[in-house]
1. Would you call residue A:24 more than 16 Å from the chain's Cα centre (by Cα) and modelled with pLDDT of 90 or more?
2. Answer yes or no as to whether residue A:10 is in contact with a helix residue (DSSP H, G or I) (Cβ under 8 Å, 6 or more places away or on another chain) and buried (at least 16 other Cβ atoms within 10 Å of the Cβ).
3. Quick test of your reading of the structure: residue A:54 fulfils all but one of (1) in a helix (DSSP H, G or I); (2) surrounded by fewer than 17 Cβ atoms within 10 Å (Cβ to Cβ); (3) hydrophobic (A, V, I, L, M, F, W, C). Name the failing condition by number.
4. Looking at this structure, is residue A:56 under 15 Å from the mean Cα position of the chain (by Cα) and more than 7 Å from chain B (Cβ to nearest Cβ)?
Amino acid sequence: MFLADYQECVGDQPIWALGVDLESADFTSLSVDDQMAKVAGNPGRERYETYSRMAGKERADIYVRVLAAEELGRGMREDKKREIFG
Amino acid sequence: MSPLQQKVLALFKEALAQEQRDLEGWEELARFQENDFALQVAIERHRSNITAYKSLIENWESRKAGGVWSNPRTRPGGPRAEHGQESVEERLRIIADYGAFLERRPRGDVWDVKCLPHDKGAILDAIYLEIVREADAARRGALGGGCGVPGGLSGVRGGPADLGSRR
């Protein structure tokens with residue numbers, strides 16, 4: 001989980017892919033049938049998928065920018081770097 | 001225009017495309033969350049970024065922009081006046097805070113940006129600029145890994161915590 005997984009307007013509680021925290025005591029204490037029912041009835045699935053798509057796009061953008069930054073760094077003289085970036 | 005400037009211009013064009021894709025995503029989300037003020041603010045912010053990127057690209061392409069590298073608004077990382085003006089020390093502090101945050105972050109698949117120790121754009125700008133400035137390949141890899149770039153953290157001792165170490 002990295003920067004792209006932090007999005008605006010999510011609210012105080014995180015969004016879970018399956019709608020629940022699989023490691024929480026509330027979930028692990030349920031019977032298998034109840035666990036399956038809880039995951040199957042995830043009401044926030046559409047919301048998670050929308051955010052997931054946005055995070056995926058942002059991840060790709062970050063990836064491109066990191067590669068570009070690396071190339072810029074390799075192509076720039078050290079004295080120029082100091083002049084520009086301090 | 002030098003090859004370096006062309007590369008930065010391409011970077012801004014990619015950023016513009018990403019802003020446009022993000023805006024589409026937010027507008028799609030707005031269909032599910034009507035009357036959400038924060039969402040409208042986010043949409044407006046993306047629209048404003050798009051306008052700023054378009055203006056920046058237009059100026060660059062028409063070669064009207066002079067001294068673009070010395071202007072904090074036009075350094076790599078986007079046209080955000082509030083970011084990119086930080087000193088090296090400030091940027092390293094932002095990155096160190098983010099590294100420490102990664103070490104203790106709670107579980108969850110998507111979190112609100114408000115959980116981050118600094119503005120997400122400021123963290124990204126600090127990381128991008130430090131990647132450009134950084135001479136050490138392993139540390140560049142760690143910085144990229146902190147953004148979530150695949151394999152960025154592999155082989156780098158300390159993983160995310162290494163983001164917080166000062167040289």
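1. Spelling it out, it is not the case that residue A:24 is more than 16 Å from the chain's Cα centre (by Cα) and modelled with pLDDT of 90 or more.
2. Yes: the conditions hold for residue A:10.
3. (2)
4. So residue A:56 fits the description; yes.
Conditions (1) surrounded by fewer than 15 Cβ atoms within 10 Å (Cβ to Cβ); (2) under 26 Å from the mean Cα position of the chain (by Cα); (3) within 15 Å of residue B:14 (Cβ to Cβ), marked per residue:
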| position | (1), (2), (3) |
| --- | --- |
| A:42 | no, yes, no |
| A:48 | no, yes, no |
| A:60 | yes, yes, yes |
| A:68 | no, yes, yes |
| A:79 | yes, no, no |
| A:84 | no, no, no |
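The values are calculated or read from the model by the stated rules, or taken from the named source; none is laboratory data. Keep in mind that what you see is a predicted model, and the values were worked out from it rather than measured. All Cβ positions, even for glycine, are placed from backbone atoms using ideal geometry, and neighbour counts span all protein chains on display.
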